[in-house]
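The values are calculated or read from the model by the stated rules, or taken from the named source; none is laboratory data. Computed from a predicted structure; not experimentally measured. Note that each Cβ is placed from the backbone with ideal geometry, even for glycine, and that neighbours are counted across all protein chains shown. Side chains are part of the model used for accessible areas, which takes the heavy atoms of the whole protein and leaves out ligands, DNA and RNA. Shrake-Rupley method; radii C 1.70, N 1.55, O 1.52, S 1.80 Å.
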Amino acid sequence: GLGYTSATMKAIWDNMRAVDLLQAMTEVKGDGFGAIGHSLGGHNSIYTAVFDERIEVVVSSCGFDSYQVYKDGDITGWTSSRYMPKLKEYALGEIPFDFHDMVAALAPRPFLALAPLGDDNFKWDSVDEIAVAARRVYALYGAEEQLMVEHPDCAHDFPDAMRQMAYELFVRYL
C-alpha cells in the first residue's frame, strides 16, 4: 500500500520512522537501538538493520534461510504482495541478493540467529551456511564472535531461554 510495490520495503520504512520517533523522545536514551523479531519479525529485523545502522544489535528468531532452499525452492511465500512480489521476475538461481549478503552487511554489529532444529518453515542448516559465508565479512572487522547462531531443540518457536539470551545481548551492547 501507499505506493510501495514491496510490503517488505514499506515495513523497513515504517521501522526506520519508528526509530526516528524513539530517537526524538527525551525518555529514550537514543544513541543505539536493537531489533528483535520472530518469524516475519525475524527477517524484518534483518532487513531494517541492513538499511539503518542505528540498529546496533540484531536478533532473528526463526526468521530466515536462503531463498534458494526455502520450502525446497518454492519461494511463493516470499513473492506475495505482503513481501517482495518482484522476486517473481527472477529465476530462483538469479535472485540478486540473499540472506548471505544481508547478514554480512550487518557486520560488525552483534547478530544472533536462532534457528530451531524442528522449525518447519526455515531450515537450520541453511542458517549455518549463511553464517559461514557472512562470518568472512565479520572476520574483516575482527568481529567473528559478534555473529552467533543457536539451535534450540524445538519447533518454530522462540523459547524463553533464547529470549533471555537475546535480552542479555541488548544489555551488553546497548
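Okay, residues lined up against (1) within 19 Å of residue 36 (Cα to Cα); (2) assigned to a helix (DSSP H, G or I):
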residue	(1), (2)
107	yes, no
117	no, no
129	no, yes
137	no, yes
### Task
Please specify each residue of the range 17-28 satisfying the condition of being in contact (Cβ under 8 Å) with a residue 24 or more places away in the chain and more than 23 Å from residue 146 (Cα to Cα).
23
### Task
Filter the range 32-63 down to the residues that are open to solvent by 10 Å² or more (accessible area, probe 1.4 Å) and touching a residue at least 60 places away in the same chain (Cβ under 8 Å), then identify the one that is nearest to residue 96 (Cα to Cα).
39
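Do you know which of the residues in the range 145-162 that are in a helix (DSSP H, G or I) and touching a residue at least 24 places away in the same chain (Cβ under 8 Å) is farthest from residue 32 (Cα to Cα)?
Per the criteria, the residue is 162.
Just a yes or no: is a residue in the range 23-38 in a helix (DSSP H, G or I) and of a type in the set (Lys, Arg)?
No, every residue in the range 23-38 fails to be in a helix (DSSP H, G or I) and of a type in the set (Lys, Arg).
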#### Entry: Count of residues meeting criterion [small (Gly, Ala, Ser), assigned to a loop (DSSP other than H, G, I, E, B) and open to solvent by less than 70 Å² (accessible area, probe 1.4 Å)] in the range 64-81
2
### Query
Would it be correct to say that residue 132 is under 14 Å from residue 66 (Cα atoms) and surrounded by 13 or more Cβ atoms within 10 Å (Cβ to Cβ)?
no
### Message
Quick check on the range 82-92. Is at least one of its residues more than 14 Å from residue 66 (Cα to Cα), of a type in the set (Ser, Thr, Tyr), within 18 Å of the chain's Cα centre (by Cα) and open to solvent by 40 Å² or more (accessible area, probe 1.4 Å)?
### Response
no
